[in-house]
Every structure is written in structure tokens, then in C-alpha cells.
Amino acid sequence: MEIAKAYDPKQAEEHHYQRWESEGFFTPEINEDLDAKKYSIVIPPPNVTGSLHMGHALQHTIMDVLTRRKRMQGYRTLWLPGTDHAGISVQRKVVEQLKKDEHKKPTDIGREEFVRRAWTWKEQYGNTITEQMRREGASVDWTRQRFTMDESLSTAVRNVFCTLYEEGWIYKGLRIVNWCPKDKTVLSDLEVKEEARKDGKLYYLRYPIKSSPPVLGGVAAASADGVVLSLTVATTRPETMLGDTAVAVNPKDERYKDLIGKTILLPLTDREIPIVGDEYVDAEFGTGAVKITPAHDPNDYQVGERHNLERLLIMNEDATMNAAAGPDFEGLDRFVARAKVVERFEELGLLEKVEDYEMTLPVCERCKTVVEPILSDQWFVKMDEMRDMALDLMRSEAVPHFSPQVPHEKVYTAWLENLKDWTISRQLWWGHQIPAWYDADGNVFVGRTAEEAQAKSGGRELTQDQDVLDTWFSSGLWAFSTLGWSGDTHVPTDAASAFERSPGEDEAAENRSLEDKSVLAPSDLDTFLPTDVLVTGRDIIFLWVSRMIMLTKKFTDKKAFEDVIVTGTVLGKDGKPMSKSRNNGVDPLEMFDKFGVDATRIYLASIATGADIKWNDVGVETYRNFANKIWNATRFCLMNADGAGVDPTLLFLGPAPDASKVKEMGALAFTGEAFKLSLPDRWIISRLNQTTVDVNVALSKYQFHTAVGLIFHFFWDELCDWYLELVKDEITSEIDSERRQVARSRFISLIERALRLLHPFMPFITEELWQKLPGTGSHLHHKSYSGAPPTIMLAEYPDFSGSFPENPNTDLAAETEMGAVIDVIKKVRNIRTELNIPFSIPVEVLIETDIHNHHIFRDNNLQIAKLVRAKTLRIESNILAPKASAKSVTGIARISVPLEGLIDFDKERERLQSQIDKLNVELQRLNGQLSNASFVEKAPAEKAQELRERQAEIERQVKVLNQNLEALNK
RNA sequence: GCCGACUUAGCUCAGUGGUAGAGCACUCGCUUCACACGCGAUAGGCCACAAGUUCGAAUCUUGUAGUCGGCACCA
């Protein structure tokens, strides 16, 4: 078979995904084993407004690697996809569209029409990300795709809300909340970010005290007889003084304690406010006197509660001043009002001073507008009991287990310990409308439906709460609401029974399709919850992960997931987080086009778990090259495939399995002498098996980058650079022999198994090549998928945890001997390069080694001769080499390359000397260590012995090299 | 302010107590019949700095400096 000289990713990416999906390979139903263990992951639902970014690509790669491996291991595997309705984001898109297309505001078309248009928007644009996920090769079960506003998920939301309300875990109340004047909605604490401002100002305002003559100056200006005339307060938000209802001082503050109980004449208003004493005030800070605005500051609110102060709200929802701020200020923007307040204080001589003040301002996470703390009537979730549930889970079962554990476990726990109530209402139209209704008097009736609420009210005329729930409220249910829990339709079923089929249904099972999903659907919750692992970024551990843990536990009494893998951040090339404003983003789709999906995926997987990484095109290029390497190794197979095919028995180090087993495995049944393993065969199989073991260990510990490194090294260095070169002559031999067929088949089998090992990382190229390899087919599938059409996706993932325990995995003798062969080849190549002996000139090579080692080199003499381009190769115990020879030494051999007429003696001396120098450096260190009494005394005996052996070895080599050098000087 | 992470070859990064590794770049050589997206051979590190623990430290402890996060903030 002829295939292209270079790998073209596009070609492979075009058709396989479509087939995988339409054949149903992604669904758990593909698994024929009723007793198969399950493996499940729910995707962090991307926003419907989103398009694929590098963070998604990273997380999806990790999830796909996990899922594909488990599927190949025979697990009943579900990776569930879906999207989030993204309240504010979608709302904003629709508002913009409305404004642009029709110059209308939402209120012009009304709520119902607005929501209808939001759905239209979602239908039109919401598939962007799901299509991009197909491009990524994500093996998600599209038949179970969910959206947070699906009917059953919405039912779940209402049920959860009502239950929590009934149990007193949800309440409505007046609190100081974070208000975004641009989005005109309340935000939870987590949606508010701090922004450092260096240009802040601290204003010192002088408040006159009643019954005092006009104020003259000083922090607490006093008249001649010592009576205090005014009190100065400091503030960063002067406009809020219009809402002041008190001034507070610390009761222990000697300066002011006599003022407590007196009255302030609040400037710019006609109000009189009291001076109160409160421990909250820090006498050391500012002036020691604090203006109290209970409706616009959380701390002031507390003070207000304690002193029963009036709460005067002075702003509208867009942060303009309202009527309560007085006629001079009504309608002004808060910042305009600020300037005007300051100006008026100055006119009145009441502005004591203005200081520069560095501070941090709370801003809206999405629109960066300065958030206004404001008194508002909102819905909250009381978090104390939920927090305790999550903390118990962590303390008693150490769940979830974070990877990396440090620092996330600690940060997560600390955050829980300081958790405050969660503001869940949002003043939007797009989302889950709060299932609460009000009568004309404002009494609230919470119900799952309007009818239920009305019944509770005794049939009164009701209107539903206009607000919707925080997007994260529905996402918090994602782990179980997506698996069929809606709170009123779920009937627990026996997990096992779900997979039972009545007799006679076996045939139907043959062409199992998505249709009998109904058989499974009711029990998805029992089957797949808890999910096994959650893969996500740091930014939503609190926002999403923690809430899902709590809500899942609360409503299903199950864990949401056992493990959490926290991925790092993919930074731009400048080392800063990718963002539109910095314009340092790297589009995954561009990378797919440029280097291929597989190369991008495996590069992302090669990043250490949890570590941030600066994006680096060269890294992807490396794996693009790797793909090409694999392509060409396979191409070599296919160019020499006559009479050959995959034969698993050719990879057995030990005795072959019995005949019946051999047939079952699809072996080609080679026999006799040709079947015998050569040293390179034993070595490469041993390396493959060890790599397999190590890859599985690494993946089970979520060390994806380690697994990538292992496979990369095996494939490129060991399989291609060494083994392929060693067996090339045999494989390309002109003579058609069984020996040649076995060599070809063994190489094909090695490639085939390595492709399976690699498949979870590089699904497209591995499938493309696997399909081309002779002898691949469903018989290589894991036994759970024997009826499925052939695909590497369902081939058994290489492992040694069970199949043939009598078959040894590794051959350490072969690894040692092969190491000796490799050493010799490298030394001779080094001589060639250093002495400028071109490869085109064949040389004579003499290998001097103990008699019991002769076979190592003799058995491989042809390969060695080829790889160093030797015209003759002598292997003896004692060789007297000509003086004009270049020499080297390895662990078990002395090498001479006679170079009469070609050798440059100076260069050879230099070469020998540099080898001696290098060894001497190590020798000195070893000597130092071994002559250190305390080392010999305290270090483990094995260690000391190891060093002694190494010392002897180096001494021997140095001696030989010195002899060589002397011989040269004679 | 509190907590944390990071600092290893020119670059991007692996490496959690026992001779410092990879990829790319660099140098030298190769139209070796799978691959120049390749092959072969070199060179290149006081593992940020200091002190400590240890027979032994890139690795553990403490401190310092720099970089970057998270959380909380006094008007």
C-alpha cells in the first residue's frame, strides 16, 4: 500500500469523527458487558455565548484522554456534554441585538417577547461551541447533551428552590448587596472583583454640631471654652453623605466620648443626625469619626442595626441619585454628584482637606463597572449547613481529592470556612424565573407551579417574582440534573436491572442503537453518579465546584465526584493571561488548522497538571513532527506489508498461549525458527511493556505529561531510531521468507499496540493508521465491544493487569545486552564524527570483550556493522590493534577502529583526553564520597556498594583510555 | 494585610533525598532506499540568593529578593 509521504491532519480529521458519532461509539450503550464498571465525567458546561478557547481545549483534552482510555479498558463510559444558559451574557447579547436592529429597549418589547428572542438567539448561535468540540475529537455522548434551561433541568431548579425554601435554607431579605449599575442587577460576592486604583482620594468633610456657632477649623474645632463645634469625617465616596443617618465614634475615644448623643446638622440637607458610639470605629484610622450610611455600606448597615438608625436609600438602579438625595442632586450620576458635593462643601468652608489615597474598588467581573453597595431586597441561600456538609465530606472522606492537592485542598477548605450567604436573585429576564409569587399585599408564596402557589395563597390574585436565579444556581445541580434528576419524576431504580434484556432481545442488541436509550435513561442517575472526576480551572472552584458538591450531597445524598483535576492557565506568548484587551489570545482552531488537532491536543496534555504555561507554537510543532514520525514509521510498515499483519503472539516474551487462545487473538500462527526472538525483538518488547506499565501508572495518577513523555520517547527513540533501523534489512529483504514475514508482522504489531497506547491523546492519526494496518479488526477490541465495527477507539487499552500473568512483561537481560550494543554503536559513531571519517567510507571495527559476551555482538554483527558502516567487524577476547587506531571503551567492551592513513593523531589524543577528563570529574566525586567515613557508615549499604561498583567501572575505563593514549604517544 | 505558588541550559518547560533532563535554538557532519516535519555527533546549568537539617539537598526547613495568583480590607 502506498500512502502520502507526509501526514496531512485534515484528511484524517475529516471523516473519522462523523463515523464514531454515528456508530454510537461515544454512548455507554456501546458496551456489551452488563457487568462492566462505569466511568463518568460531566463537562463543565461552556456558556452558549462562548466559542472555543485554549482553556476549553486543555480541559477537553484531559477529559477525552481519561474517557477514551477507560472506554478502551472496557468501562461503561459516559462523558456528558452540554451548555450553560449564561444569564447575563446572553441577556446582554440580545439587548445589543435589539438596540442595533430595531433601536429598541427590552422594556419596549416586554418580557415574554424578550425571552422568546433569547431562545432564538440560543438556537442560532448556541451551537458554535458544540460544533467546535466535534472538531476537537471530544468523545462526548451527544445523545445525552443537556442545556441548563432544558425542561427537566428547569424542573430540577424549581424543585431545589422550593425544597430549600421550605427547609428555611432559602430566604428573602433586605441586605447590602453588590449592585452593578450597568447590568442593573445584583451580583454575588464571587462575581465582584477588586481593582486597584492609585488615583483614589480621601475627602475630609466637616460636619457642624448642633447648637454650635459657625465652624472655624481643626479636626474637632473647639470654641474658646472647649466646647466642640464640629466633627470631621473622612470618606472616599462623598456623595453618600446625602444618605448619612449618623456619625459614629469609638466610645473609648477620649477625644469624642462626650459628643456621643449630640446632634449633627448634616450639610446640604435639612436633616439632623445623631452621634453614636460604636466599637466598630477604629480611633486610630482617619479622624476617628465615621459617617454612617446604612443603605450604602455593609459595615454602616451593621452599625445602623445596632443603633436603630434610619436607612436612607439615595440612589436609583442606574446609580443616579434619587429624590431622597435632595432636589439639587436628584438625577445626577453618582460621580457627578460626588464632584458637586465636594464643591458645595468647599463653598461652605466645610471641606477640610483632600488626600491622595490608594485603594481597591469593587468592579463587576464582566463589565468592569464600579459596583455600588446598596440596600436591596433579594433572595439568598443560607450557606452554613451546606458548608458543614462540604467540610464534613472533606474531613471524613477527603473528598473531593484535588489534583494537584496543593494548594487547592487548603484554599477550598479555607474558603468554605468563611463562607457567607449566597445572593441568588438576578434582575434579568433570561434564566430561571424565581418560583415565588406575591399577592397585592406583598405576601410571598413559593411553589413549584403557579397553581401550587395560588393554592397556598387561598386563591388570591398573584404575580410571579420578576427576577431570575443566578446562572450558577442551575449549574450547581449539573452533576445530577443532567443525569435525569428533576426532583419530581425520578424514581430510584436498581442499577443492575437497567442493563438486563429479556431473552430474545439479544439480536436486537446486535444493532443496538440510540433508540433504546430509554432502557437506560431512567437509571443514569444510579449508574453514573457519583461521577469519577471533574476537570476544571481554578477560576470556578468556588463559583461552581463547591456548590455542586454541596447541592449534589443535599439532594441525592451522593458525592458529585471523587476527584477534581484543576488545570492550569494557558497564558499568552507574553506570559499574561489571554484576553481580548491584551490581544494575546491564541485561537485553538487556528492551531488545529496549522498543526492538526492531534498535535494541539497532545501538546496541551504534555503540560504538567495544574501548571500555568506560556503558549509556545514550537511545542505544538514538536508534536506535529511527532505525528509525521508515526505516520512514516507506519508508512514503512505498509510499504513492506506483503504476507504480514497484526499478530499479538509475536509480542510475547514468554511462552505463547495455547492454540485456542492464539486463534481467538487473531494470530497469524507463525511457527518454528522464525518465531524465535532476537535480542532487538526482546529488547523492544520489553521496552514497550515497561512503557505500557508506566503509562498506565502515570495516567491513573493524572500525570498526563509523564505519559506523553513516555510514549513520545518510546515511539521516536526506541521504536524508530533503534528498533526500526536494526530490523530494517530483514523487513526489506528481497527474499520472501517466513523470517521476513515474522519480522514484518512483529513490527506491524508493535506499531499497532503503540498506536493504541497513544490513541487517547491523538485520536485521529491513530485511527487513520490503525485502519490501514493489515490485520486490524474488531477481534482486537476489548471484549466489551466485540460486536462493534472495527475502530481503535474500542480496541483494548494495553495493560498488564490481567491478561496473561504467566507472560513476563520485561526482559532485563535483553535491556542490558541491548544497552551494550547501543553503547558500542554510539562510540564508533562518535569516533567517526570526531575524527571526521565520513559515513561513506567503511571502516574496520574491532570489539574486544570477555568470551561470555561474544554472543551479544556476534548475534547482532550485521546490524552493528550496518549502523556504524563497518566493512568488517571482529569480536574477540584479545585484540592487538594497530597503532593508527581510534579507540573507545564501554562497560563491557574495548573498541578499536584502525584508521591507517585517515587518523589525525592530535585529534584522537584530544578525543581520548576529553573522555578521560569527563570520567575523572565523576571519579573525583565518587572518591570523595567513598572516602567520607560518615557516608560509608550512615548511607544505606546498597548505595555505597553501587557507588563502589561505579568507581571501579570508571577506574577501569580510565585505565584503558590512558593505555590507549600512551600507545598513541609511543 | 492574610494565604499560596513560582524562580532549573539561550527560549519553553520536566524533574519531591543519592552521578542535572526534554523539545526548540546553537555548532559540526549526512541527498544512509519511512520521515529534512528527517538522521548522526557535540556543546551548553554554583538548579534565584543565604542559612539550616542530613553521610548526602535542585529536591526538606527558615529567611531574603523577584514574578504571579487567590482571599480579605478602615470609613
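The values are calculated or read from the model by the stated rules, or taken from the named source; none is laboratory data. Quantities reported herein were computed from a predicted structural model and do not represent experimental measurements. Don't worry about glycine lacking a Cβ; one is built from the backbone with ideal geometry, like all the others, and counts go over all protein chains shown. These area figures cover heavy atoms from the full protein model, side chains too; ligands, DNA and RNA do not enter into them. Shrake-Rupley method; radii C 1.70, N 1.55, O 1.52, S 1.80 Å.
Some points to look at:
- Of the DSSP H helices in chain A, those that are both long (alpha-carbon extent of 27 Å or more along the helix axis) and hydrophobic (Kyte-Doolittle mean at least -1.0) are A:617-639, A:679-700, A:738-758, A:812-834.
- Kirkwood-Stokes translational diffusion coefficient of the stretch A:526-635, alpha-carbon pairs, 10 °C, 1.306 mPa s, µm²/s: 97 µm²/s
- Separation of alpha-carbon centers, the stretch A:70-138 and the stretch A:525-545, rounded to whole Å: 21 Å
- Heavy atoms of residue A:380: accessible area, 1.4 Å probe, square angstrom to 10: 10 Å²
- Sulfur and carbon atoms: percent of accessible area, chain A [1.4 Å]: 50 percent
- Efficiency of FRET between residue A:918 and residue A:194 - r from beta-carbon atoms, R0 60 angstrom, step 0.05: 0.60
- FRET efficiency estimate (nearest 0.05) - Cβ-Cβ, residue A:587 to residue A:107, R0 41 angstrom: 0.65
- Prolate/oblate/rounded call for the stretch A:1-91, Cα gyration tensor, a/c under 1.5 rounded: oblate
- Over chain A: helical MRE at 222 nm, DSSP H runs n ≥ 4 each giving -39500 (n - 2.57), nearest 500: -13000 deg cm²/dmol
- Rolled with a 1.4 Å probe across the full set of protein chains, the surface gives residue A:83 an accessible area near 10 Å².
- The count of lysine pairs in the stretch A:709-844 whose Cα atoms are under 26 Å apart, excluding pairs fewer than 8 places apart on the same chain, comes to 4.
- Those trypsin sites (Lys or Arg not before Pro) in the stretch A:547-594 that DSSP places in a loop and that have at most 13 other beta carbons within 10 Å: A:573, A:580, A:582
- The stretch A:867-906 residues near the modelled residue A:725 label - backbone nitrogen below 18 Å, point 7 Å along Cα→Cβ: A:867-873, A:890
- Residue A:348/residue A:125 FRET efficiency (R0 45 Å; Cβ-Cβ; nearest 0.05): 0.20
- Beta bridges per DSSP with both ends in chain A, % antiparallel, nearest 5: 70 percent
- Environment charge of residue A:242, counting only residues whose C-beta is closer than 15 Å and scoring Lys/Arg +1, Asp/Glu -1: -4
- With Cα atoms defining each centre, the stretch A:808-850 and the stretch A:935-970 are spaced 21 Å apart in the structure.
- Loop-located GluC sites (Glu not before Pro) in the stretch A:224-291 (DSSP state not H, G, I, E or B) with no more than 14 neighbouring Cβ atoms inside 10 Å: A:254, A:279, A:284.
- In straight-distance terms, cross-link reach from residue A:257 covers every one of the lysines whose alpha-carbon lies under 18 Å from its own, apart from those fewer than eight places away in the same chain; here that gives A:210, A:291.
- For the stretch A:295-385, trypsin sites (Lys or Arg not before Pro) meeting the loop criterion (DSSP other than H, G, I, E, B) and having at most 16 other Cβ atoms within 10 Å: A:366, A:368, A:382.
- Computed over chain A: relative contact order in percent, which uses C-alpha pairs under 8 Å that are six or more apart: 12 percent
- Where labels lie 7 Å past Cα in the beta-carbon direction, separation of residue A:874 and residue A:910 in nm: 2.9 nm
- For residue A:815, net neighbour charge (Lys/Arg +1, Asp/Glu -1) across residues whose Cβ lies under 9 Å away: 0
- Residue A:858 versus residue A:33: modelled label distance in nm, points set 7 Å from Cα along the beta carbon direction: 4.8 nm
- When the alpha carbon coordinates of chain A are projected onto the principal axes, the ranges are 119, 81, 57 Å, largest first.
- Span from the the stretch A:379-397 Cα centroid across to the the stretch A:858-916 one, whole angstrom: 72 Å
- Candidate residues A:694, A:199: accessible-area rank, largest first, probe 1.4 Å: A:199, A:694
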